[in-house]
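The structure appears below as structure tokens.
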There are 2 protein chains.
Amino acid sequence: MESVTLTTVDFFAPVQDHVAEVERRMRAQANGQNPDLDAAIDLIISSGGKRVRPTVSLLVGGMIGASPERVLTLAAAVELLHTATLVHDDLIDGSLLRRGMPTLNAQWSPAATILTGDFIFARAAKLAADTDSIDVMQLFAKTLSTVVGGEISQMFESKGSASRDDYYNRIYAKTASMFELAAVAPGYLSDVFSDADLDALNRYGYEVGMAFQMVDDVFDFTSEADDIGKPVANDLRQGLITLPALYYFEDHAEDLDMVTSSNGHAVGREDMDRLITAIRDSGAIQQALEEAQQYAERAVRALDRFPNGSEKQALIDLANYVVERLI
Amino acid sequence: MESVTLTTVDFFAPVQDHVAEVERRMRAQANGQNPDLDAAIDLIISSGGKRVRPTVSLLVGGMIGASPERVLTLAAAVELLHTATLVHDDLIDGSLLRRGMPTLNAQWSPAATILTGDFIFARAAKLAADTDSIDVMQLFAKTLSTVVGGEISQMFESKGSASRDDYYNRIYAKTASMFELAAVAPGYLSDVFSDADLDALNRYGYEVGMAFQMVDDVFDFTSEADDIGKPVANDLRQGLITLPALYYFEDHAEDLDMVTSSNGHAVGREDMDRLITAIRDSGAIQQALEEAQQYAERAVRALDRFPNGSEKQALIDLANYVVERLI
């Protein structure tokens, strides 16, 4: 694990101080209007993750020489948008912990949690508008539509689907769309950027984001049940078929029939446990990781057109870290 | 009531076709990604109200010669933002009907209702960005913060408060801030506008919005219990003290003590019914209406600096209608 830790430090190093400033700008959105709300926002930001998305924005901004001030604001907008979606997600899923910290809905009423999520959306939109770029603002709004539209589709349509297209669409909406925003938006904060450059940045965000979610979906199978009792292969137990299961079902049509014919819900506990063990022990895990690896490689290649330097190297390290973090 | 109906028609007349186009643009935000979501958005827009806010934007835009195309987009953004807040409000309040139509939460799960509200926020933000004005976008985000921040304050702090400042702050956040957005934003879509002109438009929106909410708060006392069982003076029963009650309590300190000492909740049903009858029969209703009238008059005066014409006259009619609709 040590080498993974080093890799993390490596790609954060060029922007470490800036990530701290991004967090400061996020916290500043608790604007003193209401002490309870301020405390809630502080709690939510304190339980934040690795800040991978704003790191992408900061590194891209550095690589292409975009205005540092505006990139900081953009990075805070991106991470705050991501944070707002988590507040409503945790409420909907009834999750009581996130990264070991109590979620807002574990402590507040559903009503207060809904409104706090809305408030954070509003403040993220304000930060996006503060970048002073209509292009950023339009992409920001489009990304929010994509993320939320994807969640609604997942709620109504995706359960029990073993379509690869459904899977790719779902992880694009859930994760890759936000990475695209993080990667391409700094391009709009630099006057001299060509469409080809913007396409390349978008491609980097897309490929890294897809790889990121694929590896998360592998984690769901390979990690053990966590301390709050979320079981192994929680997605599959909920009827949601992710990449490792898709590979496994290619050679096990009878197990696919069992899952899809029941829409995931009526599969008995014993049958489901047997199926999950079979997937864990099959080559499907490795196949899924190799597919994620291919996405990461394409992400790296998308950077070819940009000048070498510490930020570009860090973006390459970040793409590799996304798939190597559990190997 | 007939004269009120005529007044309504009068101020809508100059923009009637444009209001239809605004509704078309709102409906177009159901983008075909998901049929359930599209149906929900259609339902919500079909149960829409009088479209007073977009009418303000359209009339101001016409009066000052702002780009009609961009004003239409702005008006759709304003009304869709208002609509999104209602989706979450109805869920939080558990309301099953709005304007005689079933609410979304009456038919869908809380989870689906939360996400649909989020999606409508996203589409409203997209329309705001489509106006191509960073000023509009910043004001849009600020207004959303104000509206949601006000709801959070109301949830945590306002119950049982008999402070006039609390009341004004609350109705500003709840209603007047959105009217300000509707009135001033068209100014940003016109190149030749001075700060003084923008201030005057903002003033019109503020005064009309405050009057609008004050009259709604009078309605809460003067109308009878509605068909879904929402009782007369529902706000006061929930511990929320509005303008008619504020006037009444000025001369009835003992009743105020009864309400504030119990935070509204522990007042017995009989005592509360007696109090509400006393407020209805007192001069407080008329005092509240007269205060609303003063706001409407200031709204009309804010238009003095603009050239006479059909749109300006319609804005004057609209301000008067807001307070005359129940007299």
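Mind sorting B:GLU207, B:GLU311 by how few other Cβ atoms lie within 10 Å of their own Cβ, fewest first? Write down the numbers at each step before the final one.
Numbers: B:GLU207 26, B:GLU311 22.
If I rank by nearby Cβ atoms, fewest first, I get B:GLU311, B:GLU207.
A Förster distance of 56 Å, applied to the separation of the beta-carbon atoms of B:ALA106 and A:THR260, puts the FRET efficiency at 0.95.
All C-alpha pair distances within the protein assembly as shown, sorted into 20 Å bins from zero, spread as 18, 48, 28, 7, 0 percent across the bins.
Label separation (A:GLN16 vs B:VAL192): 5.8 nm, computed from points 7 Å beyond Cα along the C-beta direction. Using a 7 Å offset from the Cα along the Cα-to-Cβ direction at both B:ASP165 and A:ASP93, what is the distance between the two label points in nm, to one decimal? Placing both labels 7 Å beyond Cα along the Cβ direction yields 4.3 nm. The mean number of partner chain beta-carbon atoms within 10 angstrom of a residue's beta-carbon across peptide B:126-132 is 5.
Given charges of +1 on the Cβ of Lys and Arg and -1 on the Cβ of Asp and Glu, with all other atoms neutral, how large is the dipole of the protein assembly as shown about its Cα centre, in debye to the nearest 20? If you can, show how the numbers build up before the last one.
Numbers: 54 positive and 100 negative charges, 116 e Å.
Once rounded to the nearest 20, the dipole reads 560 debye.
Per-residue mean of foreign Cβ neighbours for B:28-36 is 3 (Cβ atoms of other chains, 10 Å radius).
Pairs B:LYS50/B:LYS142; A:LYS50/B:LYS159; A:LYS174/B:LYS230; A:LYS142/B:LYS159; B:LYS126/B:LYS230: which are spaced more than 31 Å apart, C-alpha to C-alpha?
On the way: B:LYS50/B:LYS142 24 Å; A:LYS50/B:LYS159 39 Å; A:LYS174/B:LYS230 40 Å; A:LYS142/B:LYS159 38 Å; B:LYS126/B:LYS230 35 Å.
In this structure, A:LYS50/B:LYS159; A:LYS174/B:LYS230; A:LYS142/B:LYS159; B:LYS126/B:LYS230 lie more than 31 Å apart at Cα.
Quote the relative contact order of chain B in percent (integer), defining contacts as alpha-carbon pairs under 8 Å separated by 6+ residues. After rounding, I find 21 percent. By the compact-protein rule of thumb, 2.2 N^0.38 Å, the alpha-carbon radius of gyration of chain B corresponds to a ratio of 1.00.
Calculated [222 nm] ellipticity per residue, helices only, for chain A: -23000 deg cm²/dmol; basis is -39500 (n - 2.57) per DSSP H run with n ≥ 4, divided by all residues, nearest 500.
With the simple spin-label model, which puts each label point 7 Å out from Cα in the Cβ direction, the A:ASP251 to A:ASP38 separation comes to 5.9 nm. Remark: A:ASP130, B:ASP304, B:ASP273 ranked as B:ASP304, B:ASP273, A:ASP130, counting other beta-carbon atoms within 10 Å and listing the fewest first. Counting neighbouring beta carbons within 10 Å and listing from fewest to most, the residues B:TYR321, A:TYR248 come out as B:TYR321, A:TYR248.
Between amide H atoms placed 1.01 Å from N, distances below 5 Å from B:ARG98 occur with B:THR103, all of them 5 or more places distant or on a separate chain. With the label put 7 angstrom out from Cα along the Cα-to-Cβ vector, A:THR277 ends up 7.3 nm from the copy partners, going from closest to farthest. The residue among B:PRO110, B:VAL60, B:THR85 whose Cα reaches farthest toward the positive pole of the charge dipole of the range B:1-131, with charges on the beta-carbon of Lys, Arg, Asp and Glu, is B:VAL60.
Across A:HIS18, A:HIS88, A:HIS252, mean-square fluctuation computed from a Gaussian network of chain A (C-alpha pairs under 10 Å connected) peaks at A:HIS252. Ordering B:ALA233, B:LEU315, B:ALA13 by Cα displacement along the dipole of the range B:2-324 toward the positive end leaves B:ALA13 in first place; charges were set at the Cβ atoms of Lys, Arg (+1) and Asp, Glu (-1). Note on the range A:20-45 and the range B:242-305: Cα centroid distance 36 Å, given to the nearest whole angstrom.
Net charge dipole, the range A:2-324: roughly 760 debye, given to the nearest 20, about the Cα centre with Cβ charges of +1 for Lys and Arg and -1 for Asp and Glu. Taking every residue in A:138-145 and counting other chain Cβ atoms within 10 Å of its Cβ, the average works out to 6. Here, the range A:106-223 is characterised by an Rg to Rh ratio of 1.03, where Rg is the alpha-carbon radius of gyration and Rh the Kirkwood radius.
The numbers here are math on the coordinates, done by the rules we state, and not lab data. For clarity, every value in this text was computed on a predicted model and none was experimentally measured. Positions of Cβ are generated from backbone atoms using ideal geometry, with glycine treated the same way; all protein chains shown enter the neighbour counts.
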